[in-house]
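> Below is a structure I'd like to ask you about.
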Amino acid sequence: MEEKMNRIYYSYSEYLVRKYGAKVYKLPINLPITCPNRIESSGCTFCSEKGTGFEAQENTKSVSSQILENMEYISKRYKAKKFIAYFQNYTNTFMPVDLFEKYMYEAALLENIVEIAVSTRPDCINDEYLSVLRNIERKYHIEISIELGLQTVNYHTLDKINRGHGLAEYIDAVLKISQYGFEICTHVILNLPYDNNRDVLETAKIISALPVHAVKIHSLYIPKDTVMCTAYEAGKITLCTKDEYLEKLIIFIEHLRPEIVVERLFSRIPEQDSEFSNWNTSWWKLKDEFVALMKNKNSYQGIAFDYLNGAALARGGYCFGIKK
């Protein structure tokens, strides 16, 4: 408990050093794929034609080429020796399973890859794809993690941003993945225009109640040429202020289970690609401001994690009409 109180939050860098004994870098991989939501509709209202792969290479390059080129650059700049092959963009299980298997094995065969991370949607997970990953894990003794885009537990908001799935699909995916023992990272956006602080709190609580290992927190950015961008420019949606976002972030972190790793606190996107991003403030300055606020109130991750395992009984009071 003392260790948890001495840190503001359980950072991804700290976790990786503990797990692998050295700094580990994620190498983004961009596949020539899309997602079901873009076939069935116009996609999520905040999603651009680039998906989320602003740092990724061209998807015309092979998996091994992308990894080796990124590995060479990172190795020289940061003296890194261990890497995570991160299948980042769009929905990386939305393809024929044999093609998925080919891409995964191509990454696993490369030297110094210690983990494969697969980003996908909660409604694109089944046993076929998970079995492929389990076989790779066993054959190459490589770690597997899966990143699920949830964004919020408010299913009304999920409908408004045209997410294409509800809360049940996320819970189902987490429970299914957990049967294979893979680590699970959940992506959330804390300042969606339709959510309030209660939604943020409940998102932290539901994630904490499930076998989730990590979260990647995003501050909403609005890419150009998106449905949300059109609504934003027309004044149909209003975004919260920077201070309001920091308040939401504090609520989320305080209620988050202490063992959950926090991969990110703010989004990162090139300014030229967005109509709005981080209140025109660099993400590291926002991070410093968040840490300062937490220190000033003597707070830390999980300080309010007191709501599971029969919380009412733990608080005391009446039990079957008899006061303790």
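> From the list 237, 206, 171, 146, which one is touching a strand residue (DSSP E or B) at 6+ places or on another chain (Cβ under 8 Å) and aliphatic (A, V, I, L, M)? Reasoning before the result, please.
Details: 237 fails: touching a strand residue (DSSP E or B) at 6+ places or on another chain (Cβ under 8 Å); 206 fails: touching a strand residue (DSSP E or B) at 6+ places or on another chain (Cβ under 8 Å); 171 fails: touching a strand residue (DSSP E or B) at 6+ places or on another chain (Cβ under 8 Å).
Just a single option satisfies the conditions, and that option is 146.
> Shifting gears a bit: If we scan the stretch 140-157, do we find a residue that is open to solvent by 10 Å² or more (accessible area, probe 1.4 Å), of a type outside the set (Phe, Trp, Tyr) and part of a helix (DSSP H, G or I)?
yes
> Return the pair list, or none, for Cβ contacts closer than 8 Å from residues in the stretch 192-215 that are polar (S, T, N, Q) to residues that are open to solvent by less than 10 Å² (accessible area, probe 1.4 Å) and assigned to a helix (DSSP H, G or I), at least 6 apart or on different chains.
Here the result reads 203/252, each pair linking the stretch 192-215 to a residue that is open to solvent by less than 10 Å² (accessible area, probe 1.4 Å) and assigned to a helix (DSSP H, G or I).
> Those residues that are in contact with a Cys (Cβ under 9 Å, 6 or more places away or on another chain), open to solvent by 30 Å² or more (accessible area, probe 1.4 Å) and either at pLDDT 95 or above or in a loop (DSSP other than H, G, I, E, B) (or both), I need them from the stretch 260-276; list them, please.
Passing the criteria: only 263.
Here's the yes/no breakdown for (1) loosely packed, with under 15 Cβ neighbours inside 10 Å; (2) within 23 Å of the chain's Cα centre (by Cα); (3) free of Cβ contacts under 8 Å to residues at least 24 places away in the same chain:
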| position | (1), (2), (3) |
| --- | --- |
| 27 | no, yes, no |
| 30 | no, yes, no |
| 36 | no, yes, no |
| 48 | no, yes, no |
| 71 | no, yes, no |
| 74 | no, yes, no |
| 102 | yes, no, yes |
| 109 | yes, no, no |
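> When the residues of the stretch 83-97 are narrowed to those that are open to solvent by 10 Å² or more (accessible area, probe 1.4 Å) and in contact with a Gly (Cβ under 8 Å, 6 or more places away or on another chain), which ends up farthest from residue 108 (Cα to Cα)?
90
> Of the residues that make up the stretch 45-55, is at least one assigned to a helix (DSSP H, G or I) and acidic (Asp, Glu)?
no
> Among the residues of the stretch 277-306 satisfying the criterion of being in a loop (DSSP other than H, G, I, E, B) and touching a strand residue (DSSP E or B) at 6+ places or on another chain (Cβ under 9 Å), which is farthest from residue 15 (Cα to Cα)?
277
> Is there a residue in the stretch 113-125 that is open to solvent by 10 Å² or more (accessible area, probe 1.4 Å) and without any contact (Cβ under 8 Å) to a residue 24 or more places away in the chain?
no
> From the list 230, 238, 281, pick out the single residue that is free of Cβ contacts under 8 Å to residues at least 60 places away in the same chain, in contact with a Pro (Cβ under 7 Å, 6 or more places away or on another chain) and of a type outside the set (Phe, Trp, Tyr).
Sole residue among the options that is free of Cβ contacts under 8 Å to residues at least 60 places away in the same chain, in contact with a Pro (Cβ under 7 Å, 6 or more places away or on another chain) and of a type outside the set (Phe, Trp, Tyr): 238.
> So residue 309 ticks every box in (1) more than 21 Å from residue 149 (Cβ to Cβ); (2) outside any helix (DSSP H, G or I); (3) touching a helix residue (DSSP H, G or I) at 6+ places or on another chain (Cβ under 9 Å) but one. Which box is left unticked?
(3)
> Any chance the stretch 119-132 includes a residue that's modelled with pLDDT under 95, farther than 29 Å from residue 249 by Cα, assigned to a helix (DSSP H, G or I) and out of contact with any Lys or Arg (no Cβ under 8 Å at 6 or more places or on another chain)?
Looking through the stretch 119-132, none of the residues is modelled with pLDDT under 95, farther than 29 Å from residue 249 by Cα, assigned to a helix (DSSP H, G or I) and out of contact with any Lys or Arg (no Cβ under 8 Å at 6 or more places or on another chain).
> Looking only at the stretch 65-118, filter to residues that are among the polar types (S, T, N, Q) and assigned to a helix (DSSP H, G or I); which one of those is modelled with the lowest pLDDT?
That would be 75.
> In addition: What helices (runs of 4 or more DSSP H), lying completely within the stretch 158-237, carry at least 3 residues that are open to solvent by less than 20 Å² (accessible area, probe 1.4 Å) and within 25 Å of residue 34 (Cβ to Cβ)?
167-178
The values are calculated or read from the model by the stated rules, or taken from the named source; none is laboratory data. Bear in mind that the values here come from a model prediction, so they are computed numbers and not experimental data. Glycine gets a Cβ as well: all are built from the backbone with ideal geometry, and neighbour counts include every protein chain shown. Remember, those area values only see protein heavy atoms, side chains included, never the ligands or the DNA or RNA. Shrake-Rupley method; radii C 1.70, N 1.55, O 1.52, S 1.80 Å.
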